[in-house]
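The values are calculated or read from the model by the stated rules, or taken from the named source; none is laboratory data. Please read these numbers as outputs of a predicted model, since none were measured by experiment. Quick reminder, even Gly has a Cβ in these numbers, built from the backbone with ideal geometry, and neighbours come from all protein chains shown.
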Amino acid sequence: MLKLRALCSFQRSIPHTCAGVLAYCVIGLCVSPSYATSPAADAKSDAHGIEFFEAKIRPVLAEKCYSCHSADAKALRGGLLLDTKQGVLIGGDSGPSIEPGKPDESLLIQALKFEGFEMPPSGKLSAQVIKDFEHWVKIGAPDPRTATTAIAKKGIDLEAGRKFWSFTPIGRPEPPKVADKRWASSDIDRFILAKLEAKKLKPVADADRSTWLRRVTFDLIGLPPSPAEIDAFLADKSPNAYAAVVDRLLASPQFGERWGRHWLDVARFAESSGGGRSMVFKEAWRYRDYVIDSFNADKPFKQLIAEQLAGDLLTHETPEVEREHLVATSYLLLGANNYEEQDKRVLEMDVADEQIDAVGKGLLGMTISCARCHDHKFDPIPTADYYALAGIFRSTHMLIHENVSKWTERPLPMSPETEAAVAKHEAAVAELQGKLTAAKKLAKKLTPAGILKSGPIAASELPGIVIDDTQAKRVGDWSTSRHVKQYVGEGYLTDDDLGKGEKTLTFQPEFKKAGLYDVRLSYVSLGNRAESVPVSLLTADGEIDVKVNMREEPPIDGRFLSLGKYRFDPSNQWFVMISNEGTAGFVTVDCVQFVPVDEVAAPVKTDVADADAPKAGQAVDNTVSDEAAKAAAAVVKLEREMKSLTATAPDVPKTMAVDDAETIEDCKICIRGNVHNRGAAVPRGVLQVATVGKAPQMPPDGSGRRELASWIADAENPLTSRVYVNRVWYYLFGAGLVRTVDNFGTTGESPSHPELLDYLARQFTDNGWSTKKLIRQIVLSRTYRLSTADNKQAAATDPENRLLWRMNRRRLDAEALRDAMLAVSGKLDLRAGGPGVNDPSVLKGVGTVTPTEYTYEFLDTRRSVYTPAFRNRTLELFEAFDFADPNTVAGKRNVSTVAPQALYLLNSPFVMDQAAAAGARLLAEEPAASDEARVERAFREALGRKPTDGEKSAVLAALARDSKSIDQNSEASSSDGRQVAWERVFQALFGCLDFRYLE
Amino acid sequence: MWNPTSFSRRRLLQSTACGFGSLALAGLLNKPGIAASPLASKIPHLPAKAKRVIFLFMAGGVSQVDSFDHKPLLDKEDGKSREFNDARNLARNGKGAPARVMKSLWKFNQHGKSGKWASELFPAMCEHVDDLCFLHGMHTEGVAHGPSTLFLHTGSTTQIRPSVGSWVTYGLGTENENLPGFVTLSPSMGNGGPRNYGNAFLPSVFQGTAIGKPGIPAKDAKIRYLLNERRNDLEEREQLDLVQALNREQISARAARGIAADTELDAVIDSYELAYRMQQFAPGILDLAAESQETLDLYGIGQKETDNYGRQCLMARRLAESGVRYIQVNYSDNSNNPAWDQHSNMPKHGEHAKAVDRPIAGLLADLKRRGLLEDTLVWWGGEFGRNPFAEKNGTGRDHNPDGFTVWLAGAGVKPGFSYGATDEFGHMAVENKTHMHDLHATVLHLLGLDHLKLTYNFAGRNFRLTDVAGEVIHPILT
């Protein structure tokens, strides 16, 4: 039996359990109900047994167990009650606690012995007490406690659950009748107005045109309107003016950058894995571009769902489509995972859990993950539903296990040109490989001992860091041998095929320079050697275990075997350790060499290698013939060619992507979330409560992701379209019709306008799941046009504006704030797409231990959606202004107002640089204008409006003061002074309310 | 949900508080129309013994059997192969493996009135054993640094949860309106990085403020963007005045359009004023110039090995004095195998010990003579301990989450006391086992917070630092 760790809640990686709500027990899933006929009945009459129980067992149970395992327990643990006979026999989540008569098969006894569970957790009981318990079980566990367990089995009533609003079928509500016939301009407005009229409220006045324009421009493309766009709109008196603006914005390539970013929040998009050892997702940008492109193309959201969940399983009409489909499945792999988790079964379930969470909250608005350890406490989601979904994801190939595991990647179909280039390159490699093999063969024939000069060589003749066996830390007896004259230094070590498991050699290099090194082990091969010698390395890339077959001749010069290329640096004591544990045959070890990778191709410092460029008078080892030297030189030359050829290999594009697993299987329930305590398998499937009609059939030979996607992307799924249109509403109004946008369960809020929500959901699916049509419909409504003005009566009746009697004021989010500053400064770089993480030091890990986000310098001025979104390191502006937490589905951003934001706007070089650029640009473009005219232009650029008189005089006063004091205090010319003065004006504009808030 | 004051959750999320990564704004409390600051000092659930915490984090995992957990059997069995249920093997293969017992490189002696056995690894700390309360039966989750470090800080190896310091600040607010409530000195960017002092789903006012980072000398540590590097004081004030003039003008313009002033916009204006006050006030706290030479010496400041951690410890005392609620002093680096992680070279423990021993002893002495130890809880320890046997039969020790030692000192814990025990090898906690959740519950308890009641509602349910576990360790309390 696997060793488990104490109580359920202490088991590794239980994701969570619900705080303070373990008042009832979920009766175990593999409980036998047949306790009444157990042999215990026979023992009941045994007065002696009862006496034994009263004397030896009950007091211990009461003292040591009841605090967690009785009806009076503050929090019942593991669903196990030990205060009644019935409880003992039924057991808890892991099954019956005893098998009367069979102490060896009784969980309780195993737990007391600390085999599996460790009970009590405060420390093992004395051997005598454990013996008493064994005896008690052996004699049939006599127990006079007849009370029945006072807990009811709580099941989930799915029929009752379906009555909750979000699980009811989506209706087709008719727009309501309204009293005011003139106000509404669309059906959306009629739904809103009807609710207002019912409360005797009236909507406030419309926003003025420039306010609306600023609002809709930020909302649709995340940038401010330019002064020219403002002028054009204010001048356009046609009835179509508003629609024209909206259509222009929807068609702009910046639309996808804005709305793609919204989806990236929901998709918990990030470019590193987070977790303990955060690893860079070098290919994640492809998914980001896929999302942006999809929103720009107005790809039906239904299709977006299918591609993200099961793109690899769809039909690909063209290689381009296949690319898109594969990239889309990155969605499943983008989560924050602890790839260094050592228990790989736990990791597998954690990854599946993360996916269930992302799909659950992101697409369905359900906190399904709660059901990992127990039936959902609040929503009608039984544990079985969780494992039905888990089976789908566990039947998907998404993990490659190593010490630090990795996500899966797949090659992308290539363009014909790339494909041709790759084929050409492969052919060239094959050809050269042929030549190389022949040359090696010849060289070997001429010099049987290898191309290095035969016989011992000094460590100093070898490149890189060489640790000879004499410098190794020895554990156990190793003897020195010089039997085979093919070693480095003074000889080599052998374990003499004795004392297996007792001997190790540890080589500990000192590195002066961080970098990538080829680690090479030198040993002496012979037929009597061990075939599977364990070698462990501690490297900056982690701990590596390899096995070496010492019967085979070392491939490099007949002396060395490469153990692989790893990173090392001076910060730590790294090592290579060779052990003779579990080996059969002689283990020999000569030395370990660490060759910096840029030197690998360079020949070792020997006479033969130098033959590549022979010089007159050069000392030539007499043991090697001229022919042999030539042959060896040819090998070296070809090896060099091979290296440069492989270095110029065309880039074969790949993407994070999944595939169906080789084994398709249903997932067994993990009791209380414990992967090592498995219950029954649950057929793969979907959420029962949200299934209208027949549940989808899961294919026996496929994971079921395609079926899952079809079930989600169904117009009749009561959750999907409601959740999505509500998200869109939230992005446009600052509050969803359901304000808990990621939670449509019973602990979420109910919709303020349920009919409108259904109306929008139906419109959306009827319109081919078009996001653009949905947005157009909403932003052209009268409701969206409202101002943020006050109304005392309305504020008293509806202080939170749930009924939308006015527009909500909204703060610019982090990206819009940054992009707006860049737009005003003229530094905004509108290049779209491509890798965002473009710093080679991050991609290759040069100068750092491993490729990591920690050293990344955020320097570019592209739109914020292209700023690398790492999990453990965020652009400081993003951090200060409540960027989405990429660790989880973030349908809604936090909105905080804290001093660090003020500090950032006052003191950060980024803000000051943008302000300086904006100032310089203004002065350059308006060289002849008066300061007054410039102030007008600055306000129009930054705030989309003219300054008020008060603002103008404040700015002019500051300008006058700054220009003067700067000129006086420095030798700078007056133009420099003016420039600095304008920098300050723009910085103040970037920090003011009207820049930071949308009315 | 425990609702310490009357502000609503929505209010909290759209917080008007000028948190500096957490900053109280007690002054705002008196302003009409402004909701109570979430950082305002709060009344705890229980009578509090401690007002604040200083956590001395030993990243990488100090070996208990080489420091405070005396196991004479290791000397006797040194070099012998014994079967151990090694956590890493268990996680990977489901079973243990034989390994070579390795004795400590450091000699153990008895110290203080309590006669506590401790090794010569930490000679200066040994002078304070009568002030320390040792927990020898610690155990935790995770085997690798990442998961265990996250568990230590957030109570979860994988899920996104608020850090202990964030929970504490959420529960108690802060005592100083001009300083963050939760400060972490030179935190590592590795092994979870900012998540170890992050607020997760708690409002961002409760996030930890990082000062300095590994690799940068502590004397150069500062708060980001606190000072403007291009402008002098006068120019800073002028710049602030210009922004505020525009802000006030824009509020009046709104009023003219029928939009009343509201707390949200006022909060922005207040955040600027507060930022300015912080610029004036905070740098002085971190400046050690006012400290006497005797104090600097006490912490080992000015000596090569101890200067860095000494400065951090002294800053911690100054922050504690100034009312910061939770101060973490990191001994770490940015690598995946941080500081104390001696897989292959135990003697290196000695170098790390030299760097922290004098500074920590100095901090204890300084807190004590200033009376601060009475209401400050000091917590020393790593994310896990190390094995009593050699890693892969080499010369180092692997991680050990199943048994290790931490110590507490100060407010509310028994001085000169030891609780819990590992087995005779010092490997697995066996007696009075204390899980990390229990330690969290106890730290909260000492601060007057009931870990069962300190909850926050997120994604449809209440969350706790201690999940569904955690027992307060009453036997160690005074």
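Of the candidates B:438, B:423, the single residue that is among the charged types (D, E, K, R) and touching a residue at least 24 places away in the same chain (Cβ under 8 Å) is B:438. State yes or no: is residue B:304 modelled with pLDDT of 85 or more, in a loop (DSSP other than H, G, I, E, B) and of a type outside the set (Ser, Thr, Tyr)? The answer is yes for residue B:304. Residues of segment A:569-586 that are out of contact with any helix residue (DSSP H, G or I) (no Cβ under 8 Å at 6 or more places or on another chain), polar (S, T, N, Q) and at the interface with chain B (Cβ under 7 Å from one of its Cβ atoms): A:571, A:572.
Of the numbered criteria (1) within 14 Å of another protein chain (Cβ to nearest Cβ); (2) closer than 18 Å to residue A:695 by Cα; (3) of a type in the set (Phe, Trp, Tyr), the one residue A:386 fails is (1). If the condition is being within 19 Å of residue A:363 (Cβ to Cβ), within 14 Å of chain B (Cβ to nearest Cβ) and of a type in the set (A, V, I, L, M, F, W, C), then segment A:267-294 contributes only A:270.
Within segment B:258-270, residues that are more than 17 Å from residue B:205 (Cα to Cα) and facing another protein chain (nearest Cβ under 7 Å) have Cβ atoms under 8 Å from residues that are among the hydroxyl-bearing types (Ser, Thr, Tyr) and surrounded by 21 or more Cβ atoms within 10 Å (Cβ to Cβ) in these pairs: B:259/A:788, counting only partners at least 6 apart in sequence or on another chain.
Screening the candidates A:442, A:462 for the property of being surrounded by fewer than 20 Cβ atoms within 10 Å (Cβ to Cβ) and either hydrophobic (A, V, I, L, M, F, W, C) or within 26 Å of residue A:584 (Cα to Cα) (or both) yields one hit, A:442.
Go through (1) away from chain A (no Cβ under 11 Å); (2) in contact with a strand residue (DSSP E or B) (Cβ under 9 Å, 6 or more places away or on another chain); (3) crowded, with 24+ Cβ neighbours inside 10 Å for residue B:122 and report which single condition fails. Going through (1) away from chain A (no Cβ under 11 Å); (2) in contact with a strand residue (DSSP E or B) (Cβ under 9 Å, 6 or more places away or on another chain); (3) crowded, with 24+ Cβ neighbours inside 10 Å one by one, residue B:122 breaks only (2).
Mind checking whether some residue in segment B:399-409 is away from chain A (no Cβ under 14 Å), touching a Phe, Trp or Tyr at 6+ places or on another chain (Cβ under 6 Å), outside any strand (DSSP E or B) and farther than 28 Å from residue B:319 by Cα? Looking through segment B:399-409, none of the residues is away from chain A (no Cβ under 14 Å), touching a Phe, Trp or Tyr at 6+ places or on another chain (Cβ under 6 Å), outside any strand (DSSP E or B) and farther than 28 Å from residue B:319 by Cα.
A search for C-beta distances below 8 Å between a residue of segment B:221-243 that is more than 7 Å from chain A (Cβ to nearest Cβ) and any residue that is outside any loop (DSSP other than H, G, I, E, B) and exposed (fewer than 14 other Cβ atoms within 10 Å of the Cβ), counting only pairs 6+ apart in sequence or on different chains, returns B:222/B:283; B:229/A:909. The residues in segment B:213-235 that are among the small types (Gly, Ala, Ser) and within 17 Å of residue A:903 (Cβ to Cβ) can be counted, and the count is 1. Quick one: in segment B:411-438, of everything that is aliphatic (A, V, I, L, M), within 11 Å of chain A (Cβ to nearest Cβ) and buried (at least 24 other Cβ atoms within 10 Å of the Cβ), which residue is farthest from residue A:123 (Cα to Cα)? Step by step, filter segment B:411-438, then rank; the result is B:436. Filtering segment A:649-677 to residues that are in a loop (DSSP other than H, G, I, E, B) and either free of Cβ contacts under 8 Å to residues at least 12 places away in the same chain or among the charged types (D, E, K, R) (or both) leaves A:651, A:662, A:665, A:666. Scanning segment B:442-467 for residues that are facing chain A (nearest Cβ under 8 Å) and either farther than 30 Å from residue A:889 by Cα or among the aromatic types (Phe, Trp, Tyr) (or both) yields a single hit, B:463. What number of residues within segment B:208-220 satisfy the criterion of being modelled with pLDDT of 85 or more, assigned to a loop (DSSP other than H, G, I, E, B) and within 11 Å of chain A (Cβ to nearest Cβ)? Result for segment B:208-220: 0.
Among the candidates A:962, A:949, which residue alone is buried (at least 19 other Cβ atoms within 10 Å of the Cβ) and without any contact (Cβ under 8 Å) to a residue 24 or more places away in the chain? Before you say what the answer is, go through the steps one by one.
On the way: A:949 fails: buried (at least 19 other Cβ atoms within 10 Å of the Cβ).
Within the list A:962, A:949, the selection yields A:962.
Listed by position, the helices (runs of 4 or more DSSP H) inside segment A:726-834 whose residues that are within 14 Å of another protein chain (Cβ to nearest Cβ) and without any contact (Cβ under 8 Å) to a residue 40 or more places away in the chain number at least 3 are A:792-797.
Kindly establish whether residue A:717 is within 14 Å of another protein chain (Cβ to nearest Cβ) and more than 30 Å from residue A:785 (Cβ to Cβ). The answer is no for residue A:717. Only a single item in (1) surrounded by fewer than 22 Cβ atoms within 10 Å (Cβ to Cβ); (2) modelled with pLDDT of 95 or more is not met by residue B:96, and it is number (2).
Against the numbered list (1) in a loop (DSSP other than H, G, I, E, B); (2) under 30 Å from residue A:903 (Cβ atoms), residue B:153 comes up short only at (1).
Here is a yes/no grid of residues against (1) assigned to a loop (DSSP other than H, G, I, E, B); (2) in contact with a Leu (Cβ under 9 Å, 6 or more places away or on another chain); (3) of a type in the set (Gly, Ala, Ser):
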| site | (1), (2), (3) |
| --- | --- |
| B:343 | yes, yes, no |
| B:349 | no, yes, no |
| B:358 | no, yes, no |
| B:362 | no, yes, yes |
| B:380 | no, yes, no |
| B:415 | yes, yes, no |
| B:425 | yes, yes, no |
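Of all residues in segment A:538-568, those being away from chain B (no Cβ under 12 Å), without any contact (Cβ under 8 Å) to a residue 40 or more places away in the chain and under 31 Å from the mean Cα position of the chain (by Cα) number 1. Taking segment B:329-352 as the range and being facing chain A (nearest Cβ under 7 Å) and without any contact (Cβ under 8 Å) to a residue 60 or more places away in the chain as the test, the residues that pass are B:343, B:344, B:345, B:348. No other residue among B:287, B:297, B:220, B:266 is charged (D, E, K, R) and more than 22 Å from residue B:359 (Cα to Cα) apart from B:266. Restricted to segment A:240-283, and to residues there that are polar (S, T, N, Q) and closer than 30 Å to residue A:341 by Cα, the residue that is surrounded by the most Cβ atoms within 10 Å (Cβ to Cβ) is A:278. In the set B:202, B:274, B:240, only one residue is at pLDDT 85 or above, among the aliphatic types (A, V, I, L, M), farther than 20 Å from residue A:875 by Cα and part of a helix (DSSP H, G or I); that residue is B:240.
The set of residues from segment A:868-893 being surrounded by fewer than 23 Cβ atoms within 10 Å (Cβ to Cβ) and within 29 Å of residue A:985 (Cα to Cα) comprises A:874, A:875, A:876, A:877, A:878, A:879, A:882, A:883. Considering segment B:141-157, the residues that are touching a Lys or Arg at 6+ places or on another chain (Cβ under 8 Å) and among the hydrophobic types (A, V, I, L, M, F, W, C) include one that is farthest from the other protein chains (Cβ to nearest Cβ), namely B:150.
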